[in-house]
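Rule-based calculations on the coordinates, nothing more; no lab input. None of these values were measured; they are calculated from a predicted model. Counting neighbours? That spans all protein chains shown, and the Cβs are built from the backbone with ideal geometry, glycine included.
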Ligand code: PMP
């Protein structure tokens, strides 16, 4: 019966990071250092937990389809922008593709990068064009603009997963001005960068900025993301989306998480300190990062071998082998709790 499955799903698919599996509740060295998925190691903000507990009492009712509780909180936090929400930023990406892409349309992606853009575009029957970054992983804006001629969507991740580097607002503006389609700017890690792309929203009506509560806000398990969109796009996004896609518990928790600035600041401080310490203390080259992870060049070792060896020592990190266009000697390591980071330094240096 597999003949019935669409050809784009006959192979490939999203590559998940290594899981801790059943070995998660140990003590001491039996504990697992989870540095594979760029999560905030501290639990969610107590304010978010409380809001979720209150919201779950009304789980017999369908959620508010406009996700008003979250949109109001976002407006209070950022100002009067137009917002849409989704089941993680993954959900936002999927709905955006559904809204704009007809079969045969072109989607241009700056690579190596997060894989789901390409998968979501293919699911709509798009032609996906990858535009490689330069050797130092900076974006070749001219090449991107040239490839984007006639494209519906251009995708640029900044700070970029897995390389960690951010693109300047000047370069982003150059791309915005040079293309006919929409620029989807993935800002999953922007809170760790100190760069503010929001002023560009006032100047360009082809800019969508995706954000998530999975990283700095520590709510990855609740699957909630959002985007700043131009006003013209919002009603169509809603029409294209799955009805009631954002659940009420996640929306309430996310709205509350926004207000806990101390919770956010604590992890940002940890990330900033450890980006420097990893660079200083590791024997392998650490690429400069604006995110809550670093990419490490583990040559002459191979990415997958290093990931396996570290897993044997109860340290989970991400192999970068599956990222299109990246050599197979890089690993990606999240910045976790201090004990996790220290163990990573010890075990990686001991390889
Ligand atoms: N964009 C990037 C660059 C990511 O790294 C991730 C998650 N790893 C996502 C989007 C998806 O985030 P979410 O958990 O909100 O779906």
Kindly put 127, 202 in sequence by how many other C-beta atoms sit within 10 Å of each C-beta, fewest to most.
202, 127
Under the 0.36 nm per residue contour assumption, what length would be gained going from the current alpha-carbon distance of residue 338 and residue 62 to full extension?
95.3 nm
Where does the chain land at 222 nm, in deg cm²/dmol rounded to the nearest 500, when only DSSP H runs of n ≥ 4 count, each adding -39500 (n - 2.57), divided by all residues?
-11000 deg cm²/dmol
At 0.36 nm per residue, minus the direct Cα-Cα distance, what do residue 280 and residue 346 gain on full extension? Give it in nm, one decimal, please.
22.5 nm
Approximate spin-label separation residue 232-residue 262, in nm, with each point projected 7 Å along Cα-to-Cβ
4.6
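Quote the relative contact order of the chain in percent (integer), defining contacts as alpha-carbon pairs under 8 Å separated by 6+ residues.
Relative contact order for the chain comes out at 25 percent.
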Placing one identical point scatterer on every Cα of the chain and ignoring solvent, what is log10 I(q)/I(0) from the Debye formula at q = 0.06, 0.07, 0.09, 0.11 Å⁻¹?
-0.22, -0.30, -0.50, -0.76
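For the pair residue 244 and residue 3, what calculated FRET efficiency results from E = 1/(1 + (r/R0)^6), where r is the Cβ-Cβ distance and R0 = 51 Å, to the nearest 0.05? Mind showing how you got there, number by number?
Numbers: r = 34 Å, r/R0 = 0.66.
Given R0 = 51 Å and the Cβ-Cβ separation, E is 0.90.
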Would you mind ranking 319, 138 by Cβ crowding within 10 Å, fewest neighbours first?
138, 319
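If you take every DSSP beta bridge whose two residues both sit in the chain, what share of them, in percent to the nearest 5, is antiparallel? Display every interim value, and only then the final one.
Details: 17 of 37 bridges.
Roughly 45 percent of the beta bridges in the chain run antiparallel, per DSSP.
May I ask you to compute the full-extension gain from residue 135 to residue 309, defined as 0.36 nm times their residue separation minus their alpha-carbon distance, rounded to one decimal in nm? Write out the running numbers ahead of the final one.
Numbers: separation 174, 0.36 × 174 = 62.64 nm, distance 2.79 nm.
This chain segment gains 59.9 nm when fully extended.
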Hypothetical label at residue 30: residues of the stretch 323-351 whose amide nitrogen lies under 19 Å (7 Å Cα-Cβ projection)
340
Sort out for me the Cα centre separation of the stretch 320-351 from the stretch 163-191, rounded to whole Å.
26
One can check that the equivalent ellipsoid of the stretch 78-149, built from the alpha-carbon gyration tensor with semi-axes equal to the square roots of five times its eigenvalues, has lengths in Å, largest first, of 23, 17, 12
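How would you classify the stretch 99-213 from its alpha-carbon gyration tensor, with a ≥ b ≥ c the square roots of the eigenvalues: rounded for a/c under 1.5, else prolate if a/b is greater than b/c, otherwise oblate?
Verdict is rounded for the stretch 99-213.
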Sorted by Cβ neighbour density within 10 Å, fewest at the top, the residues 192, 278
278, 192
